[in-house]
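Below is one structure; the comments refer to it alone.
Nothing in this text is a laboratory measurement; each read-out follows from the coordinates by a stated rule. The shown structure was predicted, so the numbers you read here are calculated from the model rather than taken from an experiment. All Cβ positions, glycine included, derive from the backbone under ideal geometry; neighbour counts span all protein chains shown.
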Amino acid sequence: MNVENTQAQMRKGVLEYCILGILNQGEAYPSEILNKLRTAQLLVVEGTVYPLLTRLKNLEVLSYRWEESTSGPPRKYYKITEKGQKFYQDLARTWQELQQAVDQINQN
Amino acid sequence: MNKTVSIHIQGFPFTLEEQAYETLQQYLKALKEILINEPGGDEILQDVELRIVELFQECQKVPSSVILQTNIEEVIAVLGSPENFGEATSEKQDSTQTTSEERHGKRFFRDTESAIIGGVASGVAAYFHIDVVFVRAILVLFTMAFGSGIPLYILLWIITPSAQTASEKLQMRGLPVNFESIKSEFKGATERVEKNAKKWSSQFRRDSALSKGLRQIVLLIKKVIGILLVLWGLFSLIHVCLFLFVDPAIIPAQVNGNFTSLGELGSLFFETKQLTNLAYFGISIVLFSIAFTSILLGFRMLFFFNRKWFSRTILFFGVTFLGGVLLLGIVGLQTLKSFTIDGAVSAEVSSISADSLQLEIDADSYWSSTSKYRVSNKNGLFKPSKNPDQWFLFAENGRIYKSGIAITYTTSTDSLFHISIEKKANGSSYQRANQRAANIDFPMNVANGQLLLSSGYSFPSKDCFRDQEVIVKIAVPKGKKVWNKAAVVYPYSSENQIDQTSHRAYIYTDGKYSAW
């Protein structure tokens with residue numbers, strides 16, 4: 001049994017929820033999102049985030065706009081859509097349910 | 001000292017250590033292979049490249065300083081190995097499996113890794129998931145059976161790309177084929193053939209030693225053909241001039257080793273002087289056109305001159321050629337007409353009441369395969385030929401001499417041998433045909449139960465060759481025999497009836513009949 005693999009799978013599962021959580025607070029470009037995730041110690045490698053962002057964008061959960069940057073390359077500012085907010089609320093409810101379930105099982 | 005490479009990522013210039021550059025390139029290539037089949041793969045790649053720009057800018061303490069291998073390793077560690085990108089999308093693949101299958105359409109690649117020659121066989125094996133040994137065996141069988149294996153192999157080699165990248169290698173063994181994938185496969189193949197052809201022709205045009213040598217040889221062959229064409233053209237031109245401006249009666253012609261003249265030859269085939277002249281004129285025009293065209297083509301190969309003038313002249317000779325052919329056609333039709341109607345003159349010349357008929361033609365008589373009795377001219381009653389063996393024609397003093405007659409046997413209705421002679425010829429009308437037939441002279445003699453036949457016949461030269469023929473019909477009474485010298489030529493095959501349908505003949509020797 002590979003512990004690391006299980007950990008990666010668990011992280012990946014909540015990654016989508018967390019990204020939506022970050023963007024629910026306001027617009028952000030990938031580097032910002034990555035920094036927040038890293039600070040929260042949720043991120044191992046950045047590579048997993050980019051496909052996720054693109055997929056969420058294609059599902060119309062997210063939208064983005066380009067903005068020029070004075071210091072570097074242009075930035076893609078991601079924003080959560082109305083559909084995304086509903087999607088996020090669903091995930092949040094699920095997360096709470098899961099949390100309660102896990103707590104309950106561990107306490108008993 | 002390290003070599004550096006300058007690159008642009010998403011429009012931003014960077015200078016990289018050579019090793020760093022190679023590592024980055026490999027990383028991006030691997031990434032591309034994984035993302036290529038994903039929806040929005042290009043977009044993800046763009047995002048990643050933008051991120052790389054950011055990360056590079058972060059590690060540059062001084063702007064535009066060189067990116068080192070260690071920097072690249074750090075960047076890759078932050079971004080994660082290419083598999084991380086794939087794993088994220090693999091979840092999605094599960095949920096939308098039906099659509100992802102189409103995207104993974106299998107493609108046919110040459111498998112150069114397990115190749116013996118070009119990897120075609122192993123590519124086929126990978127495509128159909130069968131053992132490569134079978135494919136090779138089939139190819140060898142094809143080659144042995146029809147030789148078709150070799151061109152087939154070369155064709156596949158040319159039109160299929162080799163699987164070079166990992167994703168191509170995966171695709172090589174991919175999912176089942178559908179109509180769309182086959183269509184795109186063929187489209188791709190035609191594009192590749194075009195590309196390859198362009199590549200090769202440009203390579204050939206470039207002055208490699210081989211192509212130079214080849215061109216020299218081609219040029220030499222062209223010159224030689226040119227010279228031959230000019231010589232041949234001049235040669236035929238001389239002949240044409242002889243035909244046109246010299247009386248054909250003095251042009252020598254050879255028939256069976258005997259010399260005669262073209263004029264006489266013509267008169268033996270064409271009924272009138274006019275037709276003969278028209279025939280010669282037609283042949284002249286045709287030959288003239290061919291001769292001039294070949295001279296022109298020859299010069300064209302040797303030197304270059306005005307193309308417009310050239311093509312017009314060729315066109316002119318094309319027209320004269322057709323005119324000549326037309327003229328010959330008319331003459332030919334006229335002559336054919338005099339072959340259309342069969343005429344015949346038949347008469348009973350003698351009836352003999354002897355117990356047996358002694359038949360004499362000459363010593364060199366033989367039976368042809370059609371069971372018609374044909375004889376050569378040698379020692380006949382007839383005018384002997386200068387060259388008696390298989391001669392084609394012999395004309396002298398206004399008469400044409402031909403050798404070979406047919407003898408047929410029938411059953412006599414009474415107790416007499418009946419000998420009749422049938423002479424045949426063709427003509428444009430019954431009158432003409434019958435007249436020609438009557439003009440045939442066939443010497444023969446009947447005396448003391450002996451039939452003496454000539455082995456040939458003659459007719460006037462003005463009648464021309466119109467299929468003149470002589471048939472000697474002998475009706476044999478029941479129980480009587482036809483002898484030729486000591487052997488029985490024609491007895492009854494049985495006690496009853498002569499086999500009239502086949503006219504078979506038998507020799508009777510030592511009390512036995514045998515086919516003769």
Built amide H within the under 5 Å cut-off of A:Ser69, gap 5+: A:Arg75
Residues with amide H under 5 Å from that of B:Ala354, placed H, sequence gap 5 or more: B:Phe417
Members of B:Lys32/B:Lys61; B:Lys273/B:Lys337; A:Lys83/B:Lys32; B:Lys424/B:Lys473; A:Lys12/A:Lys36 lying beyond 20 Å, as alpha-carbon distances in this model show: B:Lys32/B:Lys61; A:Lys83/B:Lys32
Label-point gap, in nm, between A:Ser63 and A:Ala8 - each point 7 angstrom along Cα→Cβ: 3.6
FRET efficiency, B:Leu228 to B:Glu191 (Cβ-Cβ, R0 60 Å, nearest 0.05): 0.90
Per-residue average of Cβ from other chains inside 10 Å of B:42-55: 5
B:Val5 long-range amide H proximity, modeled H, under 5 Å: B:Leu16, B:Glu17, B:Glu18
Relative contact order of segment A:3-107, defined on C-alpha pairs under 8 angstrom at six or more residues apart (%): 28
Estimated FRET transfer efficiency (A:Glu32, B:Ala137; beta-carbon r; R0 51 Å; 0.05): 0.25
For peptides A:90-96, A:58-64, sequence by mean Cβ density within 10 Å, most packed first: A:58-64, A:90-96
Shielding by other protein chains, B:6-15, mean Cβ within 10 Å: 1
Viscosity 1.567 mPa s, 4 °C: Kirkwood-radius Stokes-Einstein D of segment B:10-70 over Cα pairs, µm²/s: 104
Segment A:3-107 - convex hull of alpha carbons, volume per residue in Å³: 115
Cα→Cβ-extended label distance, 7 Å offset, between B:Tyr430 and B:Gln25, nm: 9.9
Amide N proximity, segment B:268-309 versus B:Phe316 label position 7 Å along Cα-to-Cβ, cut-off under 15 Å: B:288-297, B:306-309
Where trypsin sites (Lys or Arg not before Pro) fall in DSSP loop in segment B:26-90, at most 14 other Cβ within 10 Å: B:Lys61
For residues of A:14-23, the mean tally of beta carbons on other chains within 10 Å: 0
